[in-house]
Amino acid sequence: MLPEIIKPDLTVIFVGAAVTGLSETLGFYHLHPKDRFWELLAIGSITPKHVITAQERKALADGHKSGSLSDPVRQMFTQKRADQLLNLGIGLTDLNRRTIAADEKDKSAKPNEEDVRTFIARVATLNPKILAFVMREEVFGGAFKKQFPDVTDTLGPQAFKIGNAEVWLLGSTTAVLRGESLLEQEDAFFALGERILVVRGGSS
């Protein structure tokens, strides 16, 4: 199973629905060619630049396909990026860590109640300041409605906390979005970036 990029007291942990086959194969998160996650982090100034560029994602995928991507090279690349994220106070994980899904639409990717309970218990020990969920709105709502009746499918900050952590919904970064939906997601990442700046500065 793809290892989490996580440690206690991070500024923000980004939480997907489930580990996908491509991420498991290549050893890192959000590497699908159509995934805008790394671009959106840069748009929101959550990272100072693209932690992983589109060219790097393509090189990893092409190297794996051709058999030229050796395990030591892949491990060195992924460890460097993981260290970079942790140094920025950023973590990455998934709600459902029981299975590897083909993609986010795979039925096996859907988190169950035990996944949610386990995650909530872990948040209490990890103590992040912000939890940012990168998944389809209906998956997020379905996962948390029972525990938190105030959950909504509106992108941006939610009205409830998990432990001491603020909760943000950012939507799926692999869904094909256009027009207002695309702008809404970019605005949510931008607003999160502004909030992270405040949290990092120790203000409220």
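Derivation of every value follows stated rules applied to the coordinates shown; laboratory data play no part. Note that the structure is a prediction, hence the values are computed from the model and not measured. We place every Cβ from the backbone using ideal geometry, glycine too, and count neighbours over all the protein chains shown.
Of note:
- Region 42-121 shape via C-alpha gyration tensor axes, a/c threshold 1.5: oblate
- For region 89-204, the relative contact order is 21 percent, taking Cα pairs closer than 8 Å that sit 6 or more residues apart in sequence and dividing their mean separation by the residue count.
- Rounded tilt (10° steps) of 179-200 against the dominant C-alpha axis of the chain: 80 degrees
- Distance histogram for region 59-175 (every C-alpha pair counted, 5 angstrom bins, percent rounded to whole numbers): 2, 10, 16, 20, 18, 15, 9, 6, 3, 1
- Dipole-positive endmost among ALA42, ILE100, VAL73 within the chain (Cβ charges, Cα centre): VAL73
- Helix 71-87 and the longest principal axis of the C-alpha atoms of the chain enclose an angle of approximately 30°.
- Around ALA59: net Lys/Arg minus Asp/Glu count, Cβ-Cβ under 14 Å: +3
- Inter-part distance where region 18-38 and region 130-176 are each reduced to a Cα centre, Å: 20 Å
- Candidate cross-link partners of LYS34 among the aspartates and glutamates, defined by an alpha-carbon separation under 13 Å and a same-chain spacing of 8 or more, comprise ASP103, GLU104.
- Computed about the Cα centre, the dipole magnitude for region 12-200 is approximately 400 debye when only Lys and Arg (+1) and Asp and Glu (-1) carry charge, each at its Cβ.
- Taking amide H atoms as placed 1.01 Å from N in the peptide plane, the amide H of ALA17 lies under 5 Å from those of LEU95, each 5 or more residues away in sequence or on another chain.
- Extending 7 Å from the Cα toward the beta-carbon at both ASN87 and GLU24 defines two label points whose distance is 3.1 nm.
- Difference of contour (0.36 nm per residue) and Cα-Cα distance, GLU113 to ALA191: 25.1 nm
- Both numbers refer to the Cα atoms of the chain; Rg and Dmax are 16.2, 50 Å.
- Degrees between helix 113-126 axis and first principal axis of the chain (Cα, 0 to 90, nearest 10): 90 degrees
- Nearby aspartates and glutamates by direct alpha-carbon distance to LYS161 (threshold 12 angstrom, same-chain neighbours under 8 apart not counted): ASP150
- Antiparallel DSSP beta bridges within the chain, percent to nearest 5: 25 percent
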